[in-house]
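The values are calculated or read from the model by the stated rules, or taken from the named source; none is laboratory data. Quantities reported herein were computed from a predicted structural model and do not represent experimental measurements. Positions of Cβ are generated from backbone atoms using ideal geometry, with glycine treated the same way; all protein chains shown enter the neighbour counts. Surface accessibility is based on the protein's heavy atoms, side chains included, excluding ligands, DNA and RNA. Shrake-Rupley method; radii C 1.70, N 1.55, O 1.52, S 1.80 Å.
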Amino acid sequence: MRRIGVLTSGGDAPGMNAAIRAVVRYSIYNNIEVMGIYRGYKGLIENEMKAMDLSSVADIIHRGGTILGTARCEEFMQESGFQKALDTLRYREIEGLVVIGGDGSFKGARKLSEAGVLTAGIPGTIDNDLPYTQYTLGFNTALNTILDAIGKIRDTSSSHERTNVVEVMGRRCGDLALYAGLAGGAEVVVIPEAPISNEEICDIIMRGNARGKKHSIIILAEGAGNAYSLRDQIVCSTGLSVRCTVLGYIQRGGTPSAFDRIIGSKMGAKAVHTLMNGITNVVIGTRDGQIFSMDIGEALQIEKEFDQETYELAKILSI
Ligand code: ADP
Ligand code: F6P
């Protein structure tokens, strides 16, 4: 293996830079050249990349976002765009590719692998919606960002004796909401995996009120509803003073946590190591502190098991 490429694709996530740095430095250490491809598959189609050296990844481990930029690229999903991407890889003599992104990006990597390019995927998304791995890169940082916000919202909620609905990201996955709910001491967690009616939500809040609770936090996963309409319905049913906050993109930015820097570094090295051994069509994951690789197709078939135990615990502890 003489030359590989690295790209980030889909939504950015804190820790992507740590992974890019590891890919570049671990490759150079092993006498492999690395091309940094800009804006995901778009840069591959448009032949936009630069040769990375040791200093090109200096001073980035602590930065959120991705220094390579990212994109969602429709053209890559068309045959003509895909062929252009393959042409670029051949023209640039890139034999292997590290794709840092979510499941969509991995599907693209699998296609490239079928066309003969050695590929390794690193799970980069705040959503934690890739069930083959216990954690995706960025999830831990986003969770801490949410907790920081909940703490602030709690201060004002308690001062004003209010109920606050906090909407968090995650697409169809409720992990950010569930774990933020547990760690942030929320009264109610609303996630797609465990539907709950508005009546039940109001009942929980009113039961707390009857016991003397003066303020409440409801964490709502974006995949389970809309903060503004939930707020309106709670006001309508209970007459309480309710506010809502949609945390939005602050969840995706910010300096990566120690955890995300560490798994980003380990996953980056593992991806290069895998390619160096001629293994292709893999994704890198982590479970119980170990870093592993597995076949992309197999990984994408694994279905998420709902963490009922954590959900029940969050409910018990919020009484
Ligand atoms: P994520 O990787 O975070 O899931 P997307 O689903 O937006 O984000 O996918 C990122 C990019 O991966 C898409 O814009 C597209 O270029 C590529 N991609 C997604 N799905 C496929 C697919 N089925 N085949 C080939 N490429 C895909
Ligand atoms: O996948 C990460 C994520 O931030 C989701 O939580 C959210 O639904 C989505 O991306 C937003 O995507 P966009 O950047 O296209 O607005």
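Charged side chains reduced to their Cβ positions (Lys and Arg at +1, Asp and Glu at -1) give the chain a dipole of some 760 debye around its Cα centre. Loop-resident trypsin sites (Lys or Arg not before Pro) (DSSP state other than H, G, I, E or B) in the range 2-40 with no more than 11 further Cβ atoms inside 10 Å of their Cβ: R2.
When the alpha carbon coordinates of the chain are projected onto the principal axes, the ranges are 69, 37, 33 Å, largest first.
Think of each Lys and Arg Cβ as +1 and each Asp and Glu Cβ as -1; about the Cα centre, that makes the dipole of the range 77-184 roughly 120 debye.
Of the peptides 277-288, 169-180, the ranking by mean beta-carbon count within 10 Å, highest at the top, reads 169-180, 277-288.
Estimated from helical segments only, the mean residue ellipticity of the chain at 222 nm is -13500 deg cm²/dmol, where each DSSP H run of four or more residues counts as -39500 (n - 2.57). The angle separating the long axis of helix 103-114 from the principal Cα axis of greatest extent in the chain is about 20 degrees. Per-residue packing, averaged as other Cβ atoms within 10 Å, sorts the ranges 199-209, 4-14 into the order 4-14, 199-209, beginning with the highest. Per-residue Karplus couplings for the range 164-175, computed as 6.51 cos²θ - 1.76 cosθ + 1.60 with θ equal to phi - 60°, are listed in order as 10, 9, 10, 8, 10, 7, x, 6, 8, 9, x, 4 Hz, Gly and Pro entered as x. Nearest 10 degrees is fine. How inclined is helix 227-238 to the longest principal axis of the chain, computing both from alpha carbons? The answer is roughly 10 degrees. Stokes-Einstein diffusion for the range 141-252 at 37 °C, viscosity 0.692 mPa s, with a Kirkwood radius from C-alpha pairs, works out to 241 µm²/s.
Within the set of other residues whose C-beta is less than 14 Å from the C-beta of E79, count the net charge using Lys and Arg as +1 and Asp and Glu as -1.
Values: positive: K84, K111; negative: E74, E75, D87, E114.
Net charge around E79: -2.
Note on the chain: antiparallel DSSP beta bridges, both residues inside, total approximately 25 percent of the bridges counted.
Per-peptide packing, taken as the mean over residues of other Cβ atoms within 10 Å, places 235-247, 102-114, 60-72 in the sequence 102-114, 60-72, 235-247 from highest down. Computed from the alpha carbon atoms alone, the convex hull of the range 218-319 holds 172 Å³ per residue.
In the chain, the portion of solvent-accessible area held by carbon and sulfur atoms comes to 49 percent [1.4 Å probe, whole percent, DNA, RNA and ligands not counted].
Close amide-amide hydrogen proximity is noted between N164 and S216, I217, I218, R243, each under 5 Å apart and 5 or more residues distant or on a separate chain (H modeled in the peptide plane; Pro and chain starts excluded).
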